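Asker: Once you've had a glance at the structure underneath, I'll fire off some questions.
The values are calculated or read from the model by the stated rules, or taken from the named source; none is laboratory data. As the structure is a prediction and not an experimental result, all values here were calculated from the model. With ideal geometry, Cβ positions are generated from the backbone for all residues, glycine too; neighbour counts draw on all protein chains shown. We work out accessible area using only protein heavy atoms, side chains counted, and drop any ligands, DNA or RNA first. Shrake-Rupley method; radii C 1.70, N 1.55, O 1.52, S 1.80 Å.
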Amino acid sequence: MTDDGLTGRYRSRAWQTPADSRQMQALVARCWRADWPDVHLHAGDVDWWSVHALGKTPGLEERIGLWFDGEPDATELVGFAWYSPPLDADVIAAPGHRAVALLGAMTAWIDAQAARFGPRPAESPAALVRIWTVETDDRSNEALVSLGFGPTAAPAFHHFAGRADELDLTEPPLPDGFRLATIAAGADVPARVVAGHAAFPRSTMTEEAYRFCRTTPLYRPGLDTVIRAPDGTVAAFALAWLDPLSLGVELEPVGVHPDHQRRGLGRAVCRAAIRAARDLGGRDVLIAAESGNPAANGLYAS
């Protein structure tokens, strides 16, 4: 490990192996329990974001910085920064460590990564690094402001949170010929990827990446929920992630093929995924939507 250069308390290093991801998930679970319902990430995001980084440059070793508390051989992870090229990043700090000493080290590392992998000054002379935080995380936000960052109104995500046993999870009727199912191997993966590209035209998901997703530690086939159209194609999908440490559940991603929208499929597939997670012990449920997506916000609020 190397000293962060700001204080002798924290030591940092780059992500190295999947064992580091498991430590990150344990930290996210710790934050989830402390911050609910104003949570930043779910442990499943660590796996899902890793899927999106598969085969890309920069790799995880350059996207993720880890910070540990204590002596040079310390093993307690108290924070990590996830750089998303070209100019975005998330910072996660354990309760009690959300202050300038740690966040300053993280943002300095993010600035260095953006300088390496972000746009060249000639291409974007006014480019600014964007750090994603939770609006109600006063300690982290105050530290970031003191470091020179300023708040921005947009873009933003709305987080919808609730208790699984308090949500209306009744199964609504589906249109004739449509049926609920879960993703299986074989032809299901290409069909799921096709539906994802239709729902999200900017998606970079590939069949290889989705097969990798199915090997990640928190992925459960029984929570990879779809609605099949009468012709067998995937009309809607919702992937639920269940964290065994926090018992938190996140739906990510959720989508409906444009050919089948406004038929109640989004509500049906979300409820089915949450029911399945609840039956496995899931308790707290989170789903996020871009603030500029009124359809998704309306669905999740309902």
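Asker: Over all directions, average the projected area of the Cα convex hull of region 214-302 and note it in nm².
Answerer: 6.3
Asker: Provide the packing ranking of 56-64, 102-110, i.e. peptides ordered by the mean count of other C-beta atoms within 10 Å per residue, highest first.
Answerer: Ranking, from highest mean packing down: 102-110, 56-64.
Asker: Taking only protein heavy atoms and a 1.4 Å probe, what accessible area per residue, in Å², does the chain have with all protein chains in place?
Answerer: Result: 47 Å² of accessible area for each residue.
Asker: Once neighbouring chains are kept in place and the probe is 1.4 Å, which whole percent of the accessible area of the chain is contributed by carbon and sulfur?
Answerer: That fraction is 53 percent.
Asker: Quote the accessible area belonging to Phe157 in square angstrom, nearest 10, computed with a 1.4 Å probe and with ligands, DNA and RNA left uncounted.
Answerer: 100
Asker: What accessible surface, in Å², does a 1.4 Å probe find on Arg163, ignoring ligands, DNA and RNA and rounding to the nearest 10?
Answerer: 90
Asker: Defining a contact as two alpha carbons under 8 Å apart and six or more residues distant in sequence, what relative contact order in percent does the chain show?
Answerer: 17
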